[in-house]
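Everything on this sheet refers to the single structure shown next.
The values are calculated or read from the model by the stated rules, or taken from the named source; none is laboratory data. Please read all numbers here as calculations on a predicted model, not as lab measurements. So basically every Cβ, Gly included, is an ideal-geometry build from the backbone, and we count neighbours across all protein chains shown.
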Amino acid sequence: MSASIDRTWLLSEAPASRAQAAWGRRYRLWCDFRANPLAMGGLVIAVVLVLAALFAPLLATYDPSAQELANRLATPSAAHWLGTDELGRDVYSRLLFGGRVTLGMVISVVVLVAPLGLAVGCVAGYFGGWADTLLMRVTDVFLAFPRLILALAFVAAIHPGVTSAVIAIALTAWPPYARLARAETLSIRNTDFIAAVRLTGASSVRIILRHVAPLCLGSLIVRVTLDMSSIILTAASLGFLGMGAQPPSPEWGSMIATARRFFLDQWWVPLIPGIAIFVASLAFNLLGDGLRDVLDPKQR
């Protein structure tokens with residue numbers, strides 16, 4: 001009975017407050033998203049991967065760094081569910097802890113680049129003039145280089161490692177978000193409601209923070225979700241090339257790099273982390289497609 005009342009309250013055509021209207025809109029978006037089975041599948045897989053990474057110490061059956069040289073390159077069995085690597089380390093346990101490193105890098109990059117890109121794009125689009133020209137030319141410089149090549153250059157200039165890889169990927173990943181936020185800002189900066197806010201005496205900073213940036217969040221969230229797969233691939237590529245997580249720390253890209261010479265005989269050792277990268281990338285792509293269909297009014 002209470003669920004029916006809550007649903008009626010959320011779907012009311014005449015909300016009694018701003019909070020009711022906001023929650024009603026969120027509920028309608030969730031209903032639309034839930035109706036997309038592929039998007040729900042992507043959400044479920046992404047949540048499972050994140051939870052598996054968070055609870056890796058509880059789910060792992062072995063210490064990911066523990067070596068058992070007498071049992072190296074063992075086939076999957078009841079003792080080692082996904083076999084062992086060239087040093088006798090349990091692949092399943094290393095896969096879980098590697099997810100913590102890889103997905104942790106991805107989340108760290110998103111936390112860094114999304115606010116930066118949003119701020120740069122909103123400022124450039126709202127003020128225009130020399131500020132727009134300067135910020136967009138800096139953005140164009142970063143866009144002119146392939147992401148992986150530029151990330152490799154940054155990591156090589158700093159020092160190989162997880163922190164350096166996160167900083168390098170963040171420095172190369174923010175320009176698309178800035179251009180997207182600028183385009184959204186240009187479409188709304190001269191609208192009537194922004195002019196009305198200016199007439200009330202609101203400062204430019206307040207207008208950007210309270211009115212412009214929130215309207216750009218929908219498109220930015222979709223772009224971030226779709227871009228997470230490429231961030232995963234970039235992070236794994238840096239690990240594969242030895243520029244990311246350093247041994248003996250488990251990371252999906254470095255796991256493939258150390259096991260690639262066993263691909264023909266002990267194929268499961270390099271293939272399993274590759275499957276993990278594929279599944280994670282696919283999950284975030286499906287999730288991003290579902291969010292785009294829901295949040296982009298042009299797709300509705």
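Starting from residues that are of a type in the set (V, I, T) and over 21 Å from P146 (Cα atoms), keep the ones in the stretch 199-254 and report whichever is surrounded by the fewest Cβ atoms within 10 Å (Cβ to Cβ). Steps first, please.
Of all residues in the stretch 199-254, those of a type in the set (V, I, T) come to 200, 205, 207-208, 212, 221-222, 224-225, 231-232, 234.
Within this subset, residues satisfying the condition of being over 21 Å from P146 (Cα atoms) are 200, 205, 207-208, 212, 221-222.
Working: T200: 8, V205: 10, I207: 18, I208: 22, V212: 24, I221: 15, V222: 22.
The residue in question is T200.
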With the requirement that a residue be closer than 21 Å to I158 by Cβ, assigned to a loop (DSSP other than H, G, I, E, B) and not small (G, A, S), what does the stretch 190-248 give you? L241, M243, Q246, P247
Starting from the stretch 182-196, keep only residues that are among the charged types (D, E, K, R), then list their pairs with residues that are in a helix (DSSP H, G or I) whose Cβ atoms are within a distance under 6 Å, requiring at least 6 positions of separation or different chains. R182/G121; R182/A124; R182/G125; E184/C216; E184/S219; R189/Y126
I'd like the full set of residues that are touching a Phe, Trp or Tyr at 6+ places or on another chain (Cβ under 8 Å) and either within 28 Å of F145 (Cα to Cα) or in a helix (DSSP H, G or I) (or both), limited to the stretch 171-189. L171, T172, W174, P175, T185
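Give me a count of the residues in the stretch 51-70 that are more than 17 Å from P248 (Cβ to Cβ) and of a type outside the set (A, V, I, L, M, F, W, C). So that I can check it myself, show each step before the final result.
Step one: list which residues in the stretch 51-70 are more than 17 Å from P248 (Cβ to Cβ), which gives 51-55, 58-59, 61, 70.
Right, trim to of a type outside the set (A, V, I, L, M, F, W, C) and you get 61.
Total meeting the criteria: 1.
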Within the stretch 136-151, of all residues that are surrounded by fewer than 18 Cβ atoms within 10 Å (Cβ to Cβ) and not hydrophobic (A, V, I, L, M, F, W, C), the one nearest to the chain's Cα centre (by Cα) is P146
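Here is a list: L38, L43. Which entry is within 27 Å of the chain's Cα centre (by Cα), crowded, with 16+ Cβ neighbours inside 10 Å, farther than 27 Å from L264 by Cα and modelled with pLDDT of 90 or more?
On the way: L38 fails: crowded, with 16+ Cβ neighbours inside 10 Å.
None of the other options fit; the residue is L43.
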